[in-house]
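Chemist: Mind having a look at this structure? Questions to follow.
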Amino acid sequence: MGRPSDVLFLDDDDDLRATFIDLVRTLFARECHGIGSHRDLIALGERALHCGVAILDINLGPEVPSGIDAYGWLRKHGYDGRIVFLTGHAASHPLVMEARRLGDAEVVSKPVSLVALTSLLEDAAPAEHAPQ
Amino acid sequence: MIPQPSENGHHARNAWRGALWACGLNAVGMPLDILMAREVTDMPRWPPLVSGATGVLLMIVLFAYRRRPTARLARTTFLVNTAVIVAALWITSTAYAGAPGRWIPFQANKLGALAAAMLAPDLVTGSVAIAAFVGMALVRYLTLHEALQERFAIGEPWTIVIYALFAMALLAYRAQRIALARRMFRIRSESIATQRLARAFLALRDFTNTPLQTIELASGILHRQHPELGPILDRIDRSVDRLYRLNNTFSVYESQIEWTEEDLTPDPTALVVGH
């Protein structure tokens, strides 16, 4: 079962996902559930819904559900935590525009600096899990 | 990938189409002259037949080059077609002028001048064709016997000059429209090329953002875990920063892209390498 301090990270790039998990575990002493696709998210199920913050890549590759679909799944299943879209696409890209229109999710452009990422996770961190 | 349109190819195709229509009109129209002149006893039948047959022959040539038409081919066939018609009209007009009854002179020349204005591949070719139709009529008139000249209706054959003026005006207007269309075509081609370049640059940027993000985060982890590696990691960070700045320069292309459905889940590799 996931905890509110856990971080959900969805990105189709294996190296980035592994590095992000290492970062969260090493620097923030928090658990990070790294998944690579919408299907993985469904498989993670309840554990995903209990994470405090979900960081979702918008484009998960050609011809597959996007991060916006993952957002839809999370909200549909009662997820009320913070959702941040991480994207490498232009601000004018239709998927990025759609993500901005959702209203209750932030959109952050890749590459995000370590400082900005720290701030993002600190804001979402419960008091007992402040970064070290 | 959006195919690169060719301005010369577009122009050549239009010129080819005009020449084909002109040859078609010759092939169909000139043999009709035989019907029109069936009551003129001295009318030779071979000039309209030869002219029509040449029109058919030129159409076959044009069809043979339909996959790779050139403006030069269109100009040549158009001028040969015009020359053959004018030659045929030169011969038949003598028989018409001498025939009993009232002849409204040089109708075919007037029609030819107007058709040339509408179908000529370009301004120069059209002007030559109009001059040929009109010049032939005037020279024919001047070389006719005085008795035959006096049979002409009032104002003839000089009304053909008015036709020539109208034909030249139509030709000039059409040439202007063609030039405008070519300009629009060029602008559109440049826009497509810019779009393609913008897409490639942005795809390149999007493609590199994730690896850069990985390097930045990995460097961050190493900074915390191995502070003694600081100077080395600082060099990596500075290099990554330079790549960030390079990526940011591609942002200027964002405003030049008209996003399509295909962009919703793009494959960056395909956009960059083109397949």
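Chemist: Using beta carbons and a limit of 9 Å, which pairs, at least six apart or on different chains, have the first residue in region B:41-58 and in contact (Cβ under 8 Å) with a residue 12 or more places away in the chain and of a type in the set (S, T, Y) and the second one in a loop (DSSP other than H, G, I, E, B) and surrounded by 15 or more Cβ atoms within 10 Å (Cβ to Cβ)?
Modeler: B:T41/B:A99
Chemist: Mind telling me which of the residues B:T143, B:T76 ends up being of a type outside the set (A, V, I, L, M, F, W, C), without any contact (Cβ under 8 Å) to a residue 24 or more places away in the chain and within 24 Å of B:H10 (Cβ to Cβ)? Walk me through it before giving the result.
Modeler: Working: B:T143 fails: within 24 Å of B:H10 (Cβ to Cβ).
Criteria check complete, one pass: B:T76.
Chemist: What residue, of A:D69, A:D40, A:D22, A:D15, is within 9 Å of chain B (Cβ to nearest Cβ), surrounded by fewer than 23 Cβ atoms within 10 Å (Cβ to Cβ), more than 17 Å from A:T118 (Cα to Cα) and modelled with pLDDT of 90 or more? Full working, then the answer.
Modeler: Values: A:D69 fails: within 9 Å of chain B (Cβ to nearest Cβ); A:D40 fails: within 9 Å of chain B (Cβ to nearest Cβ); A:D22 fails: more than 17 Å from A:T118 (Cα to Cα).
Exactly one residue qualifies, and that residue is A:D15.
Chemist: Can you tell me which residue among B:F166, B:F152, B:F201, B:F185 is outside any helix (DSSP H, G or I) and either out of contact with any Gly (no Cβ under 8 Å at 6 or more places or on another chain) or more than 14 Å from chain A (Cβ to nearest Cβ) (or both)?
Modeler: Working: B:F166 fails: outside any helix (DSSP H, G or I); B:F201 fails: outside any helix (DSSP H, G or I); B:F185 fails: outside any helix (DSSP H, G or I).
Testing whether each residue is outside any helix (DSSP H, G or I) and either out of contact with any Gly (no Cβ under 8 Å at 6 or more places or on another chain) or more than 14 Å from chain A (Cβ to nearest Cβ) (or both) leaves just B:F152.
Chemist: Starting from region B:205-222, keep only residues that are farther than 11 Å from A:K110 by Cα and facing chain A (nearest Cβ under 7 Å), then list their pairs with residues that are at pLDDT 90 or above and crowded, with 19+ Cβ neighbours inside 10 Å whose Cβ atoms are within a distance under 6 Å, requiring at least 6 positions of separation or different chains.
Modeler: B:L217/A:T19; B:L217/A:L23; B:A218/A:T19; B:I221/A:L23
Chemist: Here's something else I'd like to know. Suppose we filter B:A64, B:A27, B:A83 for residues that are more than 25 Å from B:V134 (Cβ to Cβ) and surrounded by fewer than 22 Cβ atoms within 10 Å (Cβ to Cβ); which single one remains? Please lay out each step first, then the result.
Modeler: Values: B:A27 fails: more than 25 Å from B:V134 (Cβ to Cβ); B:A83 fails: more than 25 Å from B:V134 (Cβ to Cβ).
Within the list B:A64, B:A27, B:A83, the selection yields B:A64.
Chemist: Here's a check for you: in region A:84-97, which residue that is touching a Leu at 6+ places or on another chain (Cβ under 9 Å) and more than 9 Å from chain B (Cβ to nearest Cβ) is surrounded by the most Cβ atoms within 10 Å (Cβ to Cβ)?
Modeler: A:F85
Chemist: Another one. Return only the number of the condition from (1) under 12 Å from the mean Cα position of the chain (by Cα); (2) surrounded by fewer than 17 Cβ atoms within 10 Å (Cβ to Cβ); (3) within 14 Å of chain B (Cβ to nearest Cβ) that A:A29 does not satisfy.
Modeler: The one condition A:A29 does not meet is (1).
Chemist: Being more than 12 Å from chain B (Cβ to nearest Cβ), surrounded by fewer than 22 Cβ atoms within 10 Å (Cβ to Cβ), out of contact with any strand residue (DSSP E or B) (no Cβ under 9 Å at 6 or more places or on another chain) and at pLDDT below 90: is that true of A:A127 here? Working first, answer last.
Modeler: On the way: more than 12 Å from chain B (Cβ to nearest Cβ): yes; surrounded by fewer than 22 Cβ atoms within 10 Å (Cβ to Cβ): yes; out of contact with any strand residue (DSSP E or B) (no Cβ under 9 Å at 6 or more places or on another chain): yes; at pLDDT below 90: yes.
When the stated conditions are applied, A:A127 passes them.
The values are calculated or read from the model by the stated rules, or taken from the named source; none is laboratory data. Note that the coordinates shown come from a computational prediction; the quantities given were computed from them, not determined experimentally. So basically every Cβ, Gly included, is an ideal-geometry build from the backbone, and we count neighbours across all protein chains shown.
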